[in-house]
Amino acid sequence: RGMMLLRINALCIGYSGVQVNTVLTLAEMLNKGVIPIVPEKGSLGASGDLVPLAHMSLVLLGMGEAVYQGETMTGASAMKRAGITPVRLTAKEGLALINGTQAMCSIGALGIHDAEMLMKTADIVAALSMESENGVIDAMDERLQDLRRQPGQKKTAENMRRLLQGSKKITRQGEKRVQDAYAFRCIPQIHGISRDSIGFVRDIVYREMNAVTDNPIIFAETQEAISGGNFHGQYLAMSLDFLGIALAELANVSERRIERLVNPALSGLPAFLVKHGGLNSGMMIAQYTAAALVSENKVLAHPASVDSIPTSANQEDHVSMGMTAARKAREILFNTTSVLAIELMCAAQAIEFQGSTGLSPAMAAVYRAVRGEVAPLESDRVLYPDIKACAKLICDGVIVKAAEQIAGSLQ
């Protein structure tokens with residue numbers, strides 16, 4: 001659906017050389033819910049996303065396969081049942097439909113939307129972990145951030161100060177310890193560059209969503225057709241690799257905070273955040289899961305854009321691998337969501353050993369949101385439903401909404 005929408009948008013700019021009816025039919029398919037079945041693999045990201053866009057376009061011609069009203073069927077059947085007449089292509093239209101970056105761009109656009117929500121969530125979850133550990137707020141001092149001059153760092157620290165405002169659990173430098181470990185003390189620096197990176201990628205994806213990525217490009221006013229390289233996906237390939245790395249680092253530092261919460265030598269809390277540790281394993285295996293996801297992210301974060309392989313008898317001798325970058329970034333996003341869900345679950349559990357009295361108003365709201373779905377862990381039980389519940393709270397925006405209702409809109 002994202003590919004269809006973005007291709008319609010690109011064709012409407014008016015430099016692709018297609019019939020108006022072709023664009024209108026594609027829009028009718030989208031509006032009536034005729035969704036082509038497209039394989040996620042097979043695009044090199046140069047000459048555009050040829051394979052995915054070709055599968056999308058087959059249904060437009062009454063070929064291929066599609067899903068309509070929840071049922072998988074031939075493209076011809078889907079078009080007939082929806083009352084849509086397939087298109088008969090004229091000169092240039094085949095190229096106009098399949099030359100472009102809309103497959104990788106649609107995945108990237110959806111990923112950026114979710115990544116921006118996840119970025120705020122990472123700050124919120126980290127703040128709850130800081131509360132449970134009586135973290136030192138001095139590291140968030142505005143003056144420190146101003147001296148570093150990095151915008152993402154300053155925004156993160158401001159978020160943390162607002163989220164923790166009014167807390168009776170947070171400490172000052174020297175009250176309980178001089179300084180925290182890096183996973184807490186360096187939240188502005190670590191989260192900050194991920195925040196800036198997501199913003200950088202967002203700008204590239206936004207421009208690409210509204211770009212002409214066809215070839216050749218038709219200039220009607222001068223009656224010229226100029227062959228260029230606007231289909232090449234290098235912009236998206238490199239930026240989506242960057243997005244994956246930015247998200248992977250959020251998971252990296254989240255898992256380190258989880259370790260500090262479950263390790264009694266570091267937290268001063270009961271081992272694995274459960275009473276009667278000899279009889280119960282508590283959150284031990286949840287930390288295993290977080291560690292596994294973080295390690296998988298490290299493999300997935302290897303850049304796809306540094307690879308290239310020549311095709312088309314060496315005429316297309318450099319390709320972007322942008323679709324691979326997009327798919328990897330999406331998988332890292334899913335993994336990072338689960339890691340943050342585990343940290344959220346562990347932070348709420350850690351609060352149980354001190355009581356929720358004294359939490360900042362924003363963190364109290366987040367704690368209540370978690371406890372509305374996940375009960376405290378008194379003894380061992382199956383934990384995957386709890387992890388899924390916390391992940392759903394994150395994906396549905398419940399955690400961000402709970403915090404922002406008190407702390408105001410986060411950056």
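The values are calculated or read from the model by the stated rules, or taken from the named source; none is laboratory data. Values in this document were obtained by computation on a predicted structure and should not be read as measured data. Quick reminder, even Gly has a Cβ in these numbers, built from the backbone with ideal geometry, and neighbours come from all protein chains shown.
Worth a mention:
- For residue 337, the conditions (1) hydroxyl-bearing (Ser, Thr, Tyr); (2) in contact (Cβ under 8 Å) with a residue 24 or more places away in the chain; (3) more than 17 Å from residue 387 (Cβ to Cβ) are fulfilled apart from (3).
- Filtered by the rule that a residue be more than 27 Å from the chain's Cα centre (by Cα), within 19 Å of residue 131 (Cα to Cα) and surrounded by 14 or more Cβ atoms within 10 Å (Cβ to Cβ), the range 260-289 gives 263, 267, 269, 270, 271, 272, 273, 274.
- For the range 261-270, the condition holds for no residue, the condition being that it is of a type in the set (S, T, N, Q), closer than 18 Å to residue 302 by Cα and assigned by TED's automatic domain parsing to the domain that holds residue 348.
- A single member of 328, 392 is within 25 Å of the chain's Cα centre (by Cα), free of Cβ contacts under 8 Å to residues at least 40 places away in the same chain and in the same structural domain as residue 123 (by TED's automatic domain parsing), and it is 392.
- Any hit, the range 52-68, residues being of a type in the set (Val, Ile, Thr), in a loop (DSSP other than H, G, I, E, B), closer than 24 Å to residue 327 by Cβ and not assigned by TED's automatic domain parsing to the domain that holds residue 223: no
- Screening the range 141-247 for helices (runs of 4 or more DSSP H) wholly inside it with 2 or more residues that are of a type in the set (D, E, K, R) and farther than 21 Å from residue 330 by Cβ returns the ranges 142-148, 151-164.
- Residue 317 surrounded by fewer than 23 Cβ atoms within 10 Å (Cβ to Cβ), in contact with a strand residue (DSSP E or B) (Cβ under 9 Å, 6 or more places away or on another chain) and at pLDDT below 95: yes
- Restricting the range 89-116 to residues that are assigned to a loop (DSSP other than H, G, I, E, B) and out of contact with any helix residue (DSSP H, G or I) (no Cβ under 9 Å at 6 or more places or on another chain) leaves a set whose member that is surrounded by the most Cβ atoms within 10 Å (Cβ to Cβ) is 92.
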